[in-house]
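Asker: Encoded as structure tokens, here's the structure I'll be asking about.
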Amino acid sequence: MQSESINFDDTATAFAHRSTSELKNSHFVFTSMSKPWMVKTGTVMTNLALKMKLPVKGIIKKTIFNQFCGGESIKDCSNTITLLGDYNVQTILDYSVEGLKNEDGYNDTKEEALRVIDFASTNDHIPFCVLKMSGLGSTDLMTKAQNKEQLSEIEKTKLYNCEQRVNEIIHKASSKGLMVMIDAEESWFQSFIDGVVYRMMAKYNKERPIVYNTYQMYRHDMLDRLSRAQIEAEVNGYYLGAKLVRGAYMEKERERAEEMEYESPIHGTKEAVDKDYDEALKFCMKHIDRMGLCAGTHNEKSSRLLAQLMEEGAIAKMDNRVFFAQLLGMSDNISFKLADLGYNVAKYVPYGPVEKVLPYLFRRAEENTSIAGQSGREYTLVKKELRRRKSAS
Ligand SMILES: Cc1cc2nc3c(=O)[nH]c(=O)nc-3n(C[C@H](O)[C@H](O)[C@H](O)COP(=O)(O)OP(=O)(O)OC[C@H]3O[C@@H](n4cnc5c(N)ncnc54)[C@H](O)[C@@H]3O)c2cc1C
């Protein structure tokens, strides 16, 4: 099949893994999320109900949690992992709980990551693990270090410990044949994260890409940063691992820039972001001999473009240097279609106790109302599939 003609409207393939009653749940969730007032009210009411210890956990679990999370624990995600695997879709387990912001909390997060690696190494459907450095060390200290502020000896030790935690996780993952993605976060400490990640790449990516950094293409300096990272890798003899995303913190970034009176690092328009994202895909495919690429996106045009670039570059669909990735419960029309055609596809599968993943769920809800068209797109596809099933029965 020619990549330009990939049909992302093929709802039969997109939702073959879901029962009709599950789709009805999705329909309800996306209808609710398309209304900003419902998201706002729902967020307030849920927080209130939990504070008052009202029995709302069951409702949350059956609806929004079921849509976007794999389970409450690693083991709990087994069914989801197997189900996705049956359709050729791989899993990236994502512990979506914000731990305590102290050394004990950071150690707990590290231990959870090590448990994920143990589990993943016995499961054929988990090629990557993922970490957020904000769970492994203080972002205030990272910000200070990035600003080249004076650090006390204790602060230096804490940042050193943070890097050691990252190293311990990557060391274990690499010894078990797993790759590791490090998520991108807010610009005011992202350069600190980059520093750690490039030191890890120099150590672990000598023979193949194990460690992947994340590039947020909504930043107007990101194409340049990506190109410099590729040169650095080339010069220092390691493979560059790159996960490309558009970026999740646009509002926060703009607000801070305005408040603190510096130029926003974010592009002024969505069009400029789309253009840079696609340029970044082209750049990575041009250098794919010395790179690993993961396109973390729900954008159909960019996904189609990557498939086309692979075709033009005679890169096999199953070549493990190229992955497509989406979040669980979103853009199944992209994930399951590409997987059906034989491409490498993975889903981020968030997990954690219901009460503790609520911030993640609220972010998904907000994102789906703030990104023009996304929940509308999900809703339309689910509705189309429900109609198709009804007329087929
Ligand atoms: C597997 C995966 C991993 C991810 N990991 C990370 C991560 O590590 N760090 C991170 O920050 N995000 C991450 N994200 C989220 C990602 O950055 C996007 O927020 C999300 O995927 C939506 O972008 P899109 O490419 O899917 O789709 P689209 O719907 O095409 O794009 C929406 C995005 O475009 C940008 N945008 C929208 N409107 C404007 C505007 N007016 N001006 C400028 N830009 C605009 C924003 O970035 C917005 O999120 C990840 C997403 C996925 C699927």
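The values are calculated or read from the model by the stated rules, or taken from the named source; none is laboratory data. Note that the structure is a prediction, hence the values are computed from the model and not measured. Every residue, glycine among them, receives a Cβ derived from its backbone with ideal geometry; neighbour counts consider all protein chains shown. Surface areas here come from the heavy atoms of the whole protein model, side chains and all, with no ligands, DNA or RNA. Shrake-Rupley method; radii C 1.70, N 1.55, O 1.52, S 1.80 Å.
Asker: Output wanted: per-residue J couplings in Hz (rounded whole) for region 227-243, from phi through Karplus 6.51 cos²θ - 1.76 cosθ + 1.60, θ = phi - 60°, x for Gly and Pro.
Answerer: 5, 5, 5, 5, 5, 3, 5, 4, 4, 9, x, 10, 7, 9, x, 10, 9
Asker: So, one more: Considering just Cα atoms, how many Å³ per residue does the convex hull of region 8-133 enclose?
Answerer: Normalising the Cα hull of region 8-133 by residue number yields 154 Å³.
Asker: Sticking with this structure for a sec: Tell me, what % of the accessible area of region 71-355 is carbon and sulfur with a 1.4 angstrom probe?
Answerer: With neighbouring chains kept in place, the figure for region 71-355 is 49 percent.
Asker: I've got another one for you. List the residues whose amide H sits under 5 Å from the amide H of Ile92, counting only those 5 or more places along or on another chain, with H placed 1.01 Å from N in the peptide plane.
Answerer: Amide H neighbours of Ile92, under 5 Å, 5+ apart: Lys347, Tyr348, Val349.
Asker: Tell me the per residue accessible area of the chain using a 1.4 Å probe; a whole number in Å² is fine.
Answerer: For the chain, the per-residue accessible area is 47 Å².
Asker: Highest mean first, what order results for 186-199, 338-351, 110-123 on Cβ atoms within 10 Å?
Answerer: Highest mean packing first, the order is 338-351, 186-199, 110-123.
Asker: If you don't mind, there's one more thing I want to ask. Considering only DSSP beta bridges where both residues belong to region 249-393, give the percentage that are antiparallel (nearest 5).
Answerer: So the antiparallel bridges in region 249-393 amount to around 0 percent.
Asker: Compute the orientation-averaged projected area for region 71-355 from the convex hull of its Cα atoms and round it to one decimal in nm².
Answerer: Taking a quarter of the hull surface, the average projection is 14.8 nm².
Asker: Got the relative contact order for the chain handy, in percent, Cα pairs under 8 Å and 6 or more residues apart?
Answerer: 26 percent.
Asker: Okay, next question. Through the Karplus equation 6.51 cos²θ - 1.76 cosθ + 1.60, θ set to phi - 60°, convert the phi angles of region 3-15 into ³J(HN,Hα) values in whole Hz; use x for Gly and Pro.
Answerer: After applying 6.51 cos²θ - 1.76 cosθ + 1.60, I find 4, 5, 9, 4, 9, 7, 9, 6, 6, 4, 6, 4, 10 Hz.
Asker: Continuing with the same structure: Whole-Hz Karplus ³J(HN,Hα) for region 322-330, in order, using 6.51 cos²θ - 1.76 cosθ + 1.60 and θ = phi - 60°, x for Gly and Pro?
Answerer: 10, 10, 10, 9, 9, 7, 4, x, 10
Asker: Right, next: If you restrict to DSSP beta bridges whose two residues both lie in the chain, what percentage is antiparallel, to the nearest 5?
Answerer: Expressed as a percentage, antiparallel bridges in the chain total about 5.
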